[in-house]
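**Student:** The structure that follows is given in the form of structure tokens.
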Amino acid sequence: MTRRDDQIDALIAGGGFAGLTLAVALREALGPSFAVVVADPAIAKNLADDERASAIVAAARRLFETLGIWRSVAADAQPILDMVVTDSRLGDAVRPVFLTFAGEIEPGEPFAHMVENRFLIAALVGKARALGIELRATAVADFSNHLPKAEAIDIKFADGGTISTRSLIAADGARSSIRERAGIAVHGWNYGQSAIVINVGHEREHGGRAEEHFLPAGPFAILPLKGRRSSIVWTETSAEAERIVALPDQAFHAELEQRFKLHLGEITTVGTRRVHPLGFFVARSFIAERISLVGDAAHLIHPIAGQGLNMGLKDVAALAEVIVDAARLGLDPGAADVLERYQRWRRFDTMTMGLATDTLNRLFSNRSAALRLLRDVGLGMVDRLPALKRVFMREAAGLVGEVPKLLRGEAL
Ligand SMILES: Cc1cc2nc3c(=O)[nH]c(=O)nc-3n(C[C@H](O)[C@H](O)[C@H](O)COP(=O)(O)OP(=O)(O)OC[C@H]3O[C@@H](n4cnc5c(N)ncnc54)[C@H](O)[C@@H]3O)c2cc1C
């Protein structure tokens, strides 16, 4: 089925990591004859000043390498060379280490890299522009997909423009208005927890070590950045997080140091303190008539395992693969069977990973002595079983299950 001249093939609403990566993947595979537009009111601005960093796991790095994006961020990416996990109370003088992981998934291939969000978004925008992808600085305000079996969706932009597209991809984040307009509900809950995110500088080298300290209020993660710097993701109850970020500098520093400790020497905070309320949801459906959801629009998970964006990139790789397969056969990229294939591929896997992170958070974010004993025995056992550790590592690196081609490092 061919499209009309006044129609495009894919409109991607949202120019965050998920939306831009999908646009690049489609253009790389199908060339300019497959018309893709990305619309986002904050395009190229939204994350340019984002001081956060993300753990990009091995599978996601393979995807970025295949799409020619990794080379733009590689120099600023810090490989995670090993990880330690501890479980203690805030006042404990010594934190016994229960679990350690050496950081390579294959010889010479680190399990993950820490990449600052602003570098990754700049690389994605640069690549999209170089490929000639149209980036429109406006929001999708409305659309009509109410006619069953209609050949396209008519989109209205917030700037008054309109476009007709054979498929609409909602990459518009956790509060997706497209998901809502399409009538797709979500299953989920709030944790009553928030993550304080801040970067710190320290006197000594971190040696590429990531640390996850399970404290009663929630995990306190120290994630290595290039240079003598680390990114902190620090979970507290929401009320406590608000109290802590509002503290004067000296008092905030004391709270931070109590959790960070002094093993890397004196620490200094760099940049702004930010608070992110934490919740969990998975959309009841990842698709509707000519619509598919990707990234945080489809699911939101606890950052405990640093998997949110990596899951979104898995959606992107799977959706790109099904669309490319259909387009190469001359099929309609928004047809129900194409979108069904995407949903079958991703929804169950998302549920599994989402519930795993939820269980992990519930198991560790509490003060029960019995649970503490149970989880510490569990961690200790995993630590003594190298084969099991390897399974966990490969799972966390995104290399288990039906892995889409881009995440295996294969071009579409
Ligand atoms: C504290 C914290 C730490 C994290 N750490 C990690 C980590 O280490 N590793 C990891 O994998 N993940 C991590 N995550 C998760 C990760 O940040 C998100 O999963 C990821 O940013 C989501 O990307 P996205 O492109 O789906 O959505 P977003 O980044 O939210 O982008 C959505 C875009 O859509 C645009 N938009 C909104 N409405 C419209 C509209 N109507 N029309 C057009 N555009 C619209 C917005 O302007 C925005 O640019 C973390 C999250 C938190 C809170």
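Computed from the coordinates by the stated procedures, all read-outs in this text should not be read as laboratory data. None of these values were measured; they are calculated from a predicted model. All Cβ positions, even for glycine, are placed from backbone atoms using ideal geometry, and neighbour counts span all protein chains on display.
**Student:** Among HIS299, HIS263, HIS202, what is the fewest-to-most ranking by other Cβ atoms within 10 Å?
**Tutor:** HIS263, HIS202, HIS299
**Student:** Moving to a separate point now. Classify region 43-119: rounded, prolate or oblate, from the alpha-carbon gyration tensor (a ≥ b ≥ c, eigenvalue square roots; a/c under 1.5 rounded; otherwise prolate if a/b is larger than b/c)?
**Tutor:** The shape class here is oblate.
**Student:** For region 233-305, what percent of Cα pairs sit more than 22 Å apart?
**Tutor:** Cα-Cα pairs in region 233-305 separated by more than 22 Å: 45 percent.
**Student:** Can you give me the angle between helix 17-30 and the longest principal axis of the chain, using Cα atoms only, in degrees from 0 to 90, rounded to the nearest 10?
**Tutor:** Value to nearest ten degrees: 50.
**Student:** Grab the other residues whose beta carbon is less than 14 angstrom from that of ALA58, score K and R as +1, D and E as -1, and report the net.
**Tutor:** Charge balance in the 14 Å sphere: +1.
**Student:** Given 0.36 nm per residue, what is the gain on full extension from GLU257 to ASP49 after removing their alpha carbon distance, in nm?
**Tutor:** Value of the extension gain: 72.3 nm.
**Student:** Just to confirm the number: angle between the C-alpha axis of helix 249-260 and the first principal axis of the chain, 0 to 90 degrees, nearest 10?
**Tutor:** 80
**Student:** Using only DSSP helix segments of four residues or longer, with each worth -39500 (n - 2.57), what per-residue ellipticity at 222 nm results for the chain after dividing by its residue count and rounding to 500?
**Tutor:** Computed mean residue ellipticity for the chain: -11000 deg cm²/dmol.
**Student:** Be a star and scan region 223-257 for residues whose amide nitrogen sits under 12 Å from the point 7 Å along the Cα-to-Cβ vector of GLU205.
**Tutor:** Backbone N within reach: 227-228.
**Student:** Could you give the size of the charge dipole of the chain about its Cα centre, using +1 on the Cβ of each K and R and -1 on the Cβ of each D and E, expressed in debye and rounded to the nearest 20?
**Tutor:** 380
**Student:** Share of antiparallel DSSP beta bridges in region 9-155, in percent to the nearest 5?
**Tutor:** The antiparallel fraction comes to roughly 70 percent.
**Student:** In nm, what is the difference between 0.36 nm times the number of residues separating GLU134 and LEU355 and their Cα-Cα distance?
**Tutor:** Net length gain for the segment: 75.9 nm.
**Student:** Of the beta bridges DSSP finds with both residues in the chain, what % are antiparallel, to the nearest 5?
**Tutor:** Looking only at bridges with both residues in the chain, the antiparallel portion is about 75 percent.
**Student:** For region 1-82, how big is Rg over Rh, using alpha carbon atoms and the Kirkwood form of Rh?
**Tutor:** Result for region 1-82 is an Rg/Rh of 1.04.
**Student:** Given the options ALA288, ALA241, LEU399, identify the residue whose Cα lies farthest towards the positive end of the charge dipole of the chain (+1 on Cβ of Lys, Arg; -1 on Cβ of Asp, Glu).
**Tutor:** LEU399
**Student:** A further question on this structure: Restricting to Cα atoms and excluding each atom paired with itself, what does the Kirkwood estimate give for the chain in Å?
**Tutor:** Result for the chain stands at 22.1 Å.
**Student:** For ARG71 and THR162 in one chain, what is 0.36 nm times their gap in residues minus the Cα-Cα distance, to one decimal in nm?
**Tutor:** 29.2 nm
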